[in-house]
Structure formats: structure tokens, C-alpha cells
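Peer 1: If you scroll down you'll find the structure; I have some questions about it.
The values are calculated or read from the model by the stated rules, or taken from the named source; none is laboratory data. Everything numeric in this text was worked out from a predicted model, so none of it was measured. For neighbour counting, all protein chains shown are included, and Cβ atoms are generated from backbone atoms with ideal geometry for every residue, glycine included. In case anyone asks, the SASA skips ligands and DNA or RNA and just uses the protein heavy atoms, side chains included. Shrake-Rupley method; radii C 1.70, N 1.55, O 1.52, S 1.80 Å.
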Amino acid sequence: IDKSAFLYFEKELKVHFISNKDSFPFVNCYATPETLGVDRMVLAAGATLQFPNQNRLVIDAGTCITYDFIDAEDNYLGGAISPGIRLRYESLHNYTAKLPLLTLADPKDLIGKSTSESIHCGVINGLTYEIDGFIAEYKAQYSNFIIILTGGDTDFLAKRLKNTIFANSNFLL
């Protein structure tokens, strides 16, 4: 990240760049804590503070889909990273010879009846099933559980998921 634009404001107000060296309200149990993104750490901190004493799964649906799990004892255990909606569409276009680049759209049906419909079915249904699958696996292992969905694609995805979630597209802010 280019910090020079922020440093301009340092004359007017105190600027602090968050890093993995800062203090957080959870114990970082990640095997490689120095590689954990600050965005994921800030989301975990927000979940820890806003939803105390329960297991928390934070799903950030943006360029990538990140899954971050913080247990009821405030231990950050880790998670998963997969491509977000836009990356899925772009990958199909960029790494195949003939598939078109499409933009976000609702699949009309479970079965795509054209190439475009099939792409929408695969991208949107595939991601929805992925998220619901992760949630089901966490629920099978942990009780007293809250799911926090955030990120740019929150509003689009929230109404498609089977699970009860706390959806806030600006939770990171």
C-alpha cells in the first residue's frame, strides 16, 4: 500500500498504520502470524469486540472470499481464502480460449441453457454452495455460533445463503 497519501495528513492529525505488531483483542494462533493480512486481523478484532463470548466466523466477500474463525475464548484459529465473484468470472475468461467475460448476474435457473447462463450458474451457485458448506462444517464442530458476512458482495450474497447471518458490508470500516 502506498502510504504517502496518508502521510500528508500527519501534519493535521495523528496517523497510525496498523500492523501485525499491534495489540489485538484476540490471541493469534495462526501458524504464520506474520503472513496474516491486517484486513483479516481487523475483521477478527471487530468480531471479537462486537460479539463477545461466542464462536465467530467472519466471511469477507470481496476480491477474495476470506473465512476467519475466532473461538469463544478469543483465539484466532485461522480460516480459508478463495476467489471472489469477480475473480471467478475473470478466471473463466482469462484462462480459457472462448468463454466470455461476464459481469455479476443472477442465474435464471439451476441448469444453464447457454454458455452465459452456465457461467452464471457455476460462479454464483458454486460460491453460494461453498459458503453454505463452510458454515455447515463450522456449525458441526462449534456451538454458540455467529456468522458475520461483510465486503463488497455482501448484499448480493446475503439473500442467497441458507444460514442466518449478521450481514454488514462495511464491517471492516
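Peer 1: Within the accessible area of the stretch 1-156, what % is carbon and sulfur when the probe is 1.4 Å and the other protein chains stay in place?
Peer 2: Whole-percent figure for carbon plus sulfur exposure: 56.
Peer 1: Still on this model: What are the residues whose amide H is under 5 Å from the amide H of Ile65, where those residues sit 5 or more places off or on another chain and H is modelled from the backbone?
Peer 2: Ser82, Gly84
Peer 1: Still on this structure, I have one more. Take the Cβ-Cβ distance between Glu90 and Ala136 as r, set R0 to 30 Å, and report the resulting FRET efficiency rounded to the nearest 0.05.
Peer 2: Efficiency computed from Cβ-Cβ geometry: 0.60.
Peer 1: Arrange the residues Phe9, Phe51 by how much accessible surface each exposes, largest first, with a 1.4 angstrom probe.
Peer 2: In descending accessible area the options line up as Phe9, Phe51.
Peer 1: Indicate the gyration tensor shape class of the stretch 14-84 (rounded, prolate or oblate), computed on the Cα atoms with a ≥ b ≥ c the square roots of the eigenvalues: a/c under 1.5 is rounded; otherwise a/b larger than b/c is prolate and the rest oblate. It would help to have the intermediate numbers written out before the result.
Peer 2: On the way: a/c = 1.39, a/b = 1.02, b/c = 1.36.
Rounded is the answer for the stretch 14-84, as its axis ratio a/c remains below 1.5.
Peer 1: Val27's amide H: which non-local residues (gap 5+, or another chain) put their own amide H closer than 5 Å, with H modeled 1.01 Å from N in plane and none for Pro or chain starts?
Peer 2: Asn75, Tyr76
Peer 1: Continuing with the same structure: Based on the mean of other Cβ atoms within 10 Å per residue, sort peptides 73-84, 14-25, 109-120 so the most packed one is first. Don't jump to the answer; show the numbers that get you there.
Peer 2: Details: 73-84: 16.5, 14-25: 10.3, 109-120: 13.3.
Those peptides, ordered most packed to least, come out 73-84, 109-120, 14-25.
Peer 1: Sticking with this one: Taking only protein heavy atoms and a 1.4 Å probe, what accessible area per residue, in Å², does the stretch 64-143 have with all protein chains in place?
Peer 2: Result: 55 Å² of accessible area for each residue.
Peer 1: For the chain, what is the percent of antiparallel DSSP beta bridges, rounded to the nearest 5?
Peer 2: Here the antiparallel bridges make up roughly 55 percent for the chain.
Peer 1: What would the Debye equation give as log₁₀ I(q)/I(0) for the chain at q = 0.14, 0.19 Å⁻¹, counting only Cα atoms as equal point scatterers?
Peer 2: Log-scaled intensity ratios, in q order: -0.82, -1.20.
Peer 1: Number of Lys-Lys pairs in the chain under 29 Å by Cα, sequence gap 8 or more or different chains?
Peer 2: 12
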